[in-house]
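A quick write-up on the structure given underneath.
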Amino acid sequence: MDVRAQVSMMFHLDKCIGCHTCSIACKNIWTDRQGTEYMWWNNVETKPGTGYPTKWEDQEKYKGGWEPISNSVKLKATDKLRGLTNIFHQPHLPTIDDYYEPWTYKYEDLFNAPAGDDQPTARPISLITGEHIDINAGPNWDDDLSGSGIYARNDPNLDDITEAEKQVLFEIERLVFFYVPRICNHCLNPACVASCPSGALYKRGEDGIVLLDQNTCRAWRFCISACPYKKSYYNWSTGKSEKCILCYPRLESGQPPACFHSCVGRIRYLGIVLYDADKIEATASASEEDLVDLQKEMVLDPFDPEVIKQAEKNGVHFSIIEAAQKSPVYKFLKVWNLALPLHPEFRTLPMLFYIPPLLPVLGHVDNGIYNIDAEGYFGNLDKARVPMKYMANLFTAGDEEKVRNVLEKLLAVRLYKRAEQVNDISPDLVKEALEKTGLTPEMCEDIYRLTALPTYEERFMVPPMLREYAAEAIMGDPYSFKAEAGVGGFKGRPERGL
Ligand code: SF4
Ligand code: SF4
C-alpha cells in the first residue's frame with residue numbers, strides 16, 4: 001500500500017444554477033492576459049449539449065485519454081515511439097473554431113464616431129486578428145439551448161440512446177437541461193503528464209495538484225491532445241501551454257480556489273483524500289464496468305490505523321491525515337456513495353466527482369397528500385426526462401444501475417425530510433425507502449446538512465499546506481527529465497506516469 005494525499009473536489013449538480021460566476025472569477029484571476037483570451041480553465045456547459053471545445057467528449061475526433069492493453073494502458077493520441085518519431089505531427093488538436101474566436105467590442109466608436117444620421121455602434125472585433133468578425137460561437141454559446149437541433153442533438157452521450165428516448169428529451173414543451181461545471185480533474189493517472197515529451201507537466205507530491213512548468217514547456221502541445229477533458233490549453237502569445245492550477249497560491253494561504261469560493265449555488269466541495277497509488281495501473285486498465293468501483297476503492301479510510309501508519313511512512317503529515325478525516329469529498333464519495341467521476345472510461349482517474357442531478361423528479365400534492373404513484377416512490381425516476389442511459393454515459397461508463405442507486409438515495413433523503421417537515425408521507429413509506437437504499441435517519445440528516453446547510457468550513461476543508469514538508473513527487477512519464485532525475489522523495493516510480 002503506497003498511501004498518498006490528493007486534493008479532490010465534488011460538485012453537486014442539482015445545486016448548479018448555471019450563473020457562470022465561477023468561470024468569471026477564474027478568468028479575472030488567471031486568464032485575463034494576451035494569448036489566453038479563448039481559455040476558460042473553469043467553464044460551465046449545458047447538458048445535453050456539445051460543450052467547450054465543441055464535442056470534447058468525442059474521442060474518435062480528439063483521441064484523448066487512455067486505452068487498455070493487457071493489464072495496462074496506453075495513450076490514445078500518442079505513445080513513446082509515435083511521440084518521438086512524429087513530434088511535429090498533431091492531427092487531433094482542437095482548432096480555434098472548436099473553441100471559439102475570442103472577441104471584444106470596439107467601444108471607442110461609441111465616442112469617436114463622427115456626427116451622422118445613424119447612432120454609432122460598437123462592432124465586435126477579433127481578439128486575435130483585431131479585425132471585425134461576425135460572432136458565431138462562444139464558450140457557452142449553447143447555454144440553456146438544450147432542445148435546439150444544433151447543440152443537444154450532437155451531444156456524443158446521446159449516440160446509443162433510442163430515437164423514442166430522444167424524442168421525449170427534445171420535445172420542446174418538455175425541454176429539460178442541467179449544467180456541468182468543469183475544471184481540470186487533477187487526475188491520478190493524468191494523460192497530460194504522461195504525454196509531455198519535455199516533462200513539463202508534473203503532479204505535486206504533497207497534494208496531487210497537476211502543474212505545468214512554464215520554463216520547461218516547449219509547446220509540443222501533446223498535453224492538449226492527450227487530455228480527454230481538453231483542460232490544457234495553448235497560449236499563442238507566450239508559446240507555452242497552460243492549465244488550471246487549482247489556485248494553489250490560494251490553497252497555500254488557506255483559501256479555497258476562486259471558482260469554489262465564488263460559487264453562488266454553493267455546489268462545490270473540496271477536501272483531501274488518501275489513496276493507494278499502488279492501484280493506479282490496475283484500476284486504470286480495469287474493464288469498463290469495474291472502473292467506478294475500483295477508483296472508489298483506491299480512496300482509503302483515513303481513520304484506518306494501517307492507512308495512517310503507511311501514510312506517515314510516506315511522509316504525509318498528520319495534520320493532512322486529520323484534514324482527510326474531515327473531508328466532505330470523502331463523505332460524499334465513500335461514506336454515502338453519492339459521487340461519481342465524469343467519463344471514467346477515459347481512464348485518467350479524475351479526482352473531481354459529481355453528484356448527478358435528480359432533475360424534475362418530483363411528486364405532486366393531491367388534497368394535502370403527497371402523491372406517490374402506483375409504481376412506487378422510485379417509479380418517477382424512470383420518467384425522468386433525461387434518460388438514465390444518458391446520465392450513465394456521463395458518469396458511469398454506461399452503467400445505469402450505478403446512477404440509479406445514487407438517484408434513489410437522493411430521492412430517499414427528500415422523502416425523509418418531507419415526511420419530517422411537511423408531514424404528508426407515511427412513516428412506513430419512508431422506512432421502506434431508507435431500507436431499500438441502505439440509508440439511516442442519521443445519514444439522511446448528515447446528507448441534508450452537508451447538501452443544504454453547510455458552512456464555508458464544512459464545504460472547504462483546505463488542508464494545511466506544509467511546504468516545508470512537501471516532497472515533490474513527480475508523476476512523470478518515461479520521458480520526463482524530472483522523473484529520470486528522481487527529484488524529491490519518491491524516486492524510482494516511473495510507472496506512476498501511466
Ligand atoms: S488529463 Fe486530467 S490532470 Fe491532465 S489536464 Fe486533463 S483533466 Fe487535468
Ligand atoms: S458559480 Fe456555482 S452555481 Fe454558478 S455556474 Fe458556477 S458552479 Fe454553477
Practice item. May I ask you to sort T216, T36, T85 by Cβ crowding, counting other Cβ atoms within 10 Å and putting the fewest first? Key: T85, T216, T36
**Study point:** Expected 222 nm ellipticity per residue - DSSP helices of 4 or more, -39500 (n - 2.57), all of the chain, to 500
**Key:** -8000 deg cm²/dmol
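Taking a ≥ b ≥ c as the square roots of the eigenvalues of the Cα gyration tensor of the range 286-459, is the shape rounded (a/c under 1.5), prolate (a/b larger than b/c) or oblate?
Oblate, because a/c is 1.5 or more while a/b does not exceed b/c.
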Practice item. Quote the relative contact order of the range 145-275 in percent (integer), defining contacts as alpha-carbon pairs under 8 Å separated by 6+ residues. Key: 15 percent
Practice item. Please get the size of the charge dipole for the chain, origin at its Cα centre, with Cβ charges of +1 on Lys and Arg and -1 on Asp and Glu, quoted in debye to the nearest 20. Key: 1380 debye
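Determine the alpha carbon to alpha carbon distance for each of K240/K326; K309/K334; K326/K417 and list only those over 26 Å. Show your work: numbers first, answer last.
Values: K240/K326 38 Å; K309/K334 20 Å; K326/K417 24 Å.
Flagged as over cut-off: K240/K326.
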**Study point:** Cβ-based exposure ranking for R347, R266, R449, R414, in which fewest neighbours within 10 Å come first
**Key:** R449, R266, R414, R347
Check your understanding: So for the range 83-152, taking the charge dipole from beta-carbon charges (+1 Lys/Arg, -1 Asp/Glu), which of T85, T95, H132 sits furthest toward the positive end?
Key -> T85
Revision key, fill the gap. Note to self: C-alpha centroids of the range 433-456 and the range 245-281 sit apart, in Å, by 23 Å
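Kindly identify the chain as rounded, prolate or oblate by the Cα gyration tensor criterion: order the square roots of the eigenvalues as a ≥ b ≥ c, call it rounded if a/c is under 1.5, otherwise compare a/b with b/c, prolate if a/b is larger, else oblate.
In terms of gyration-tensor shape, oblate.
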Revision key, fill the gap. Computed over the range 286-459, the relative contact order (Cα-Cα under 8 Å, seq sep at least six) in percent reads 18 percent
Exercise for review: Give the shape of the range 108-234 as rounded, prolate or oblate, defined through the alpha-carbon gyration tensor: a ≥ b ≥ c are the square roots of its eigenvalues, a/c under 1.5 means rounded, and otherwise the shape is prolate if a/b is larger than b/c and oblate if not.
Suggested key: oblate
Practice item. Would you mind ranking T78, T31 so that the residue whose beta carbon has the fewest other beta carbons within 10 Å leads the list? Key: T31, T78
Check your understanding: Along the positive direction of the dipole of the range 41-120 (beta-carbon charges: Lys, Arg +1; Asp, Glu -1; about the Cα centre), which of P120, I69, W56 reaches farthest?
Key -> I69
Point to revise | Relative contact order, percent, the chain [alpha-carbon distance under 8 Å, six or more residues apart] | key: 22 percent
**Study point:** For E45, residues with placed amide H under 5 Å, excluding near neighbours
**Key:** V180, R182
Review point. Packing-wise, with mean Cβ within 10 Å as the measure, how do 289-295, 184-190, 151-157 rank, highest first?
Key: 184-190, 151-157, 289-295
Point to revise | 3J(HN,Hα) from dihedral phi, the range 211-228, Karplus parametrisation 6.51/-1.76/1.60, rounded to Hz, x for glycine, proline | key: 10, 10, 6, 5, 6, 8, 4, 10, 6, 5, 6, 5, 4, 5, 5, 6, 5, x
Practice item. Report the one residue of P350, Q295, L338 whose Cα lies farthest in the direction of the positive end of the charge dipole of the range 286-459 (charges on C-beta: Lys and Arg +1, Asp and Glu -1; origin at the Cα centre). Key: P350
Review point. Roughly how many debye, to the nearest 20, is the charge dipole of the range 286-459 about its Cα centre, given +1 on each Lys and Arg Cβ, -1 on each Asp and Glu Cβ, and no other charges?
Key: 480 debye
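Any read-out appearing in this document is the output of simple, stated calculations on the displayed coordinates, not a laboratory observation. On a predicted model such as this, the values are computed, not experimentally measured, just so you know. Note that we place each Cβ from the backbone using ideal geometry, even for glycine, and neighbour counts take in every protein chain shown.
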